[in-house]
1. Is at least one residue of the range 56-75 under 21 Å from residue 23 (Cα atoms) and assigned to a helix (DSSP H, G or I)?
2. Select, from 26, 36, 5, 19, the only residue that is under 21 Å from the mean Cα position of the chain (by Cα), in contact (Cβ under 8 Å) with a residue 12 or more places away in the chain and closer than 25 Å to residue 136 by Cα.
3. Tell me the residue from 343, 364 that is assigned to a helix (DSSP H, G or I), crowded, with 18+ Cβ neighbours inside 10 Å, out of contact with any strand residue (DSSP E or B) (no Cβ under 8 Å at 6 or more places or on another chain) and modelled with pLDDT under 85, please.
4. If residue 263 satisfies every condition in (1) farther than 24 Å from residue 117 by Cα; (2) outside any helix (DSSP H, G or I); (3) touching a residue at least 12 places away in the same chain (Cβ under 8 Å) but one, which is the exception?
5. Residue 226 - would you say it is surrounded by fewer than 18 Cβ atoms within 10 Å (Cβ to Cβ), in contact (Cβ under 8 Å) with a residue 40 or more places away in the chain and under 17 Å from residue 349 (Cβ atoms)?
6. Return the only residue of 286, 277, 255 being in a helix (DSSP H, G or I) and either over 19 Å from the mean Cα position of the chain (by Cα) or at pLDDT 80 or above (or both).
7. Tell me, please, whether a residue that is surrounded by fewer than 17 Cβ atoms within 10 Å (Cβ to Cβ) and at pLDDT 85 or above can be found in the range 313-322.
8. Wholly within the range 107-222, which helices (runs of 4 or more DSSP H) include no fewer than the required count, namely at least 1 residues that are buried (at least 18 other Cβ atoms within 10 Å of the Cβ) and at pLDDT below 80?
């Protein structure tokens, strides 16, 4: 029986993805941590924390259109090469304490990264036949997550040794691994794809609409936990080591979820597991312990591992492979409208008390459950 690794293009892609994932925490955690320390202002830091959600709102539909309309390999290579340039610019700003200019470059980097991410996500799901998709996702995770854990655990020590110059490692690996995915054979593009194609599919296809709207509420709740994790850990008395442990443990748990996905393929069961885990996330945050956010981020990503299969199966069935980038672009845009709204409300809610934050999170997860019940084609999928 064939496996995803029998496909050379997929093999090249996941190797490059694993190496890149190993240095992703070095850049992401360094930027978040050093801006938080340098700005000394939660409101200004909220702009850094929300940079990816904000840019995804407008960059994702563009990336989706480009990914379906033009050669995906060329688009993927160009946007991948542009990312390390912006990382080096951010490093310069951190070293010279030019934080406002640094925030601008954070947004430039996030925009380019999102254009690249939409095409990369489509490649991951379409480089193998549909019947091998879940196994391909698991293979990708089994190669990616251990590398991410290693990078995450090494981060505090590298940060102490190199400071902002840790970003040199991330930018160098991005440039080198681009050689592995050069001229990756994916979709050559379709001339009949328009900028509004993804929006049309969301409107017309029930499984696409349910998956997109449901994920909006889900990931809006996740923004509280994931984007404000360093703040919550510090609020409860934790430090950089605990932040590193929380990130590493969450990646390991996500890997476990990816393995379980290859064994458990009931759509209703997956939806229920996701909802139960994410309800427990917000309840745990009522415990005033620095380990509460550690559990919260791990439980959240375990739920995400289950939800990812249900979500992408719905989109791929409704849109097909040739128009998947368009739908992913719209999905990312709408999802990050929700993320951004929550991220900008959070600085107001945190000083009031954790109970208000938890109440918002539980309301969002409840809305997700209702959306899934109203779009039954999602729960009837064969995964």
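1. No, the range 56-75 has no match at all.
2. Checking each option against the conditions leaves just 19.
3. None of the other options fit; the residue is 343.
4. (3)
5. no
6. 277
7. no
8. Filter on the range 107-222 gives 133-162, 197-204.
The values are calculated or read from the model by the stated rules, or taken from the named source; none is laboratory data. Predicted, not measured: the structure shown is a model, and the values here were computed from it. FYI the Cβ positions are ideal-geometry reconstructions off the backbone, even for glycines, and counts take in every protein chain you see.
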